[in-house]
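The values are calculated or read from the model by the stated rules, or taken from the named source; none is laboratory data. None of the values given here were measured: they were computed from a predicted structure. Backbone-built Cβ (ideal geometry, glycine too); neighbour counts: all protein chains shown.
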Amino acid sequence: MTAQLIDGKLIAQQVRAGVAEAVARRVLEGFAKPTLATVLVGDRVDSATYVNAKQKACAELGMGSVSYHLPAEISQEELEKLIKSLNRSKKVHGILVQLPLPSHLNEERVLQLISIEKDVDGFSPINIGRLAQKGREPLFVPCTPFGSIYLLEQAGVKIEGANAVVLGRSNIVGMPAALLLIGKNATVTVCHSRTKDLPGVVRQADILIAAIGKTEMVRGDWIKPGAAVIDVGINSKPDASKKSGYRLVGDVNFDEAKEVAGFITPVPGGVGPMTIAMLMKNTLRAAELQQK
Ligand code: NAP
Ligand code: L37
């Protein structure tokens with residue numbers, strides 16, 4: 001292995017410790033616990049796992065949480081009613097609607113409804129608009145891209161002037177990651193399912209952020225020697241040696257890429273824990289903003 005491993009679990013733990021300390025200070029000062037409301041619709045096992053992890057993190061950091069688990073068949077109107085009541089609630093500082101929603105629901109209308117001061121996922125159109133504009137700051141940076149950039153910075157990777165390639169253009173990861181990198185003065189190429197010669201484009205990358213959801217698609221010989229590789233993908237791969245019958249792998253073939261890259265994040269233990277840590281940071285920020 002030549003690459004330096006970026007330990008997302010450890011860095012997430014450090015971020016969480018900082019948040020826990022700030023939360024304890026606030027509580028001593030007499031403020032209410034920063035409180036996150038999570039909204040989960042339907043029975044996707046992965047979504048339920050992530051929402052549970054987010055709830056657990058709140059408890060561990062001394063923050064409050066309230067959880068809403070709604071049936072998959074819920075109507076748009078009912079869901080909107082819940083969001084509106086959470087917007088009004090003085091006890092809730094952050095609102096997180098776990099995506100994807102069942103297909104009969106209008107995701108855009110739901111996200112647009114979340115009060116901007118409580119939008120800890122940073123997915124509201126106003127927030128993304130600010131992220132995209134020069135000289136403006138979003139209220140909240142979307143958690144997964146925020147965590148990805150934080151890992152690069154902690155590892156000491158220079159973003160300014162770097163050629164960055166982002167694989168994927170989703171609202172949750174690829175697009176906001178690209179906007180953040182542009183804001184930090186990288187030269188950014190965004191790839192998607194219609195990109196021609198993906199390996200050739202990736203070979204130009206000093207920084208690679210992979211978020212396509214394709215098991216180990218990025219091969220070692222696509223990586224520029226010394227590049228920093230942030231693997232956002234979470235895919236399950238059959239593995240007979242595991243009790244569950246599978247294991248989690250990223251969008252990058254780790255064993256190959258680690259021999260070429262300068263820095264690399266593992267899956268699990270890379271970006272995943274950072275997503276949760278940054279959500280905790282955003283929830284604390286929401287409570288601070290609402291106090292003013
Ligand atoms: P998504 O909404 O499915 O978007 C996938 C993106 O990848 C799309 O832009 C798609 O292109 C592009 N793509 C798909 N196949 C491709 C191919 N063969 N070549 C080039 N581009 C391709 O996914 P997402 O929500 O962004 O998530 C991506 C991955 O990150 C998933 O594995 C997900 O589980 C993981 N994830 C991890 C975290 C974390 O905290 N670690 C958080 C969120 C997501 P088109 O736009 O052309 O369709
Ligand atoms: N903020 N995040 C936000 N909003 C959403 O709507 N879908 C979604 C979202 N995605 C999300 O929460 N993803 C996510 C993915 C992985 C982890 C956490 C969140 C995570 O903790 N991954 C661990 C492994 C977990 C496991 O073993 O299942 C990891 O180490 O990667």
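Any residue at all in the stretch 38-54 that is without any contact (Cβ under 8 Å) to a residue 60 or more places away in the chain, under 19 Å from LYS118 (Cα atoms) and over 21 Å from the mean Cα position of the chain (by Cα)?
No, that holds for no residue.
Could you check ASP251 against (1) surrounded by fewer than 19 Cβ atoms within 10 Å (Cβ to Cβ); (2) among the charged types (D, E, K, R); (3) in contact with a strand residue (DSSP E or B) (Cβ under 7 Å, 6 or more places away or on another chain); (4) in contact (Cβ under 8 Å) with a residue 60 or more places away in the chain and say which number it fails?
(1)
Report yes if THR215 is assigned to a loop (DSSP other than H, G, I, E, B) and either among the aromatic types (Phe, Trp, Tyr) or within 16 Å of ligand 2 (Cβ to nearest atom) (or both), otherwise no.
Working: assigned to a loop (DSSP other than H, G, I, E, B): yes; either among the aromatic types (Phe, Trp, Tyr) or within 16 Å of ligand 2 (Cβ to nearest atom) (or both): yes.
Yes; evaluated as a whole, the condition is true for this residue.
Could you grab me the full set of residues in the stretch 190-204 that are part of a strand (DSSP E or B) and closer than 15 Å to ILE223 by Cβ? Walk me through how you get there before you give the answer.
Step one: of the stretch 190-204, the residues part of a strand (DSSP E or B) are 190-191.
Across the stretch 190-204, the qualifying residue is only CYS191.
For residues in the stretch 223-267 being over 19 Å from LEU151 (Cα atoms) and of a type in the set (Asp, Glu), which is modelled with the lowest pLDDT?
Once the filter is applied, the top-ranked residue is ASP239.
I'd like the residue in the stretch 218-233 that is without any contact (Cβ under 8 Å) to a residue 40 or more places away in the chain and in a loop (DSSP other than H, G, I, E, B) and, out of all such residues, is nearest to the chain's Cα centre (by Cα). Can you show your working first?
Residues of the stretch 218-233 that are without any contact (Cβ under 8 Å) to a residue 40 or more places away in the chain, as a first pass: 219, 221-227, 233.
This time we only want the ones that are in a loop (DSSP other than H, G, I, E, B), so: 219, 223-227, 233.
Numbers: ARG219: 23, ILE223: 23, LYS224: 25, PRO225: 27, GLY226: 25, ALA227: 21, GLY233: 11 Å.
Taking the candidates together, the pick is GLY233.
How do the pairs read when you match residues in the stretch 97-113 that are in contact (Cβ under 8 Å) with a residue 12 or more places away in the chain with residues anywhere that are polar (S, T, N, Q) and in a helix (DSSP H, G or I), using Cβ under 6 Å and keeping only pairs 6 or more apart or on different chains?
Taking only residues 6 or more apart or on different chains, the pairs are GLN98/SER47; LEU105/GLN76; ASN106/GLN76.
ARG136 - would you say it is of a type in the set (Lys, Arg) and at pLDDT below 95? I'd like the intermediate steps shown before the answer.
On the way: of a type in the set (Lys, Arg): yes; at pLDDT below 95: yes.
Judged against the criteria, ARG136 is a match.
Count, please, the residues in the stretch 163-187 that happen to be outside any helix (DSSP H, G or I) and either crowded, with 20+ Cβ neighbours inside 10 Å or touching a residue at least 60 places away in the same chain (Cβ under 8 Å) (or both).
Keep residues of the stretch 163-187 that are outside any helix (DSSP H, G or I), which gives 163-173, 184-187.
Subset that is either crowded, with 20+ Cβ neighbours inside 10 Å or touching a residue at least 60 places away in the same chain (Cβ under 8 Å) (or both): 164-168, 172-173, 186.
Of the residues in the stretch 163-187, 8 are outside any helix (DSSP H, G or I) and either crowded, with 20+ Cβ neighbours inside 10 Å or touching a residue at least 60 places away in the same chain (Cβ under 8 Å) (or both).
Kindly list the number of the only condition in (1) in contact with a Ser or Thr (Cβ under 9 Å, 6 or more places away or on another chain); (2) surrounded by fewer than 20 Cβ atoms within 10 Å (Cβ to Cβ); (3) of a type outside the set (A, V, I, L, M, F, W, C); (4) in contact (Cβ under 8 Å) with a residue 24 or more places away in the chain that fails for TYR246.
Only one criterion in (1) in contact with a Ser or Thr (Cβ under 9 Å, 6 or more places away or on another chain); (2) surrounded by fewer than 20 Cβ atoms within 10 Å (Cβ to Cβ); (3) of a type outside the set (A, V, I, L, M, F, W, C); (4) in contact (Cβ under 8 Å) with a residue 24 or more places away in the chain is unmet by TYR246, namely (4).
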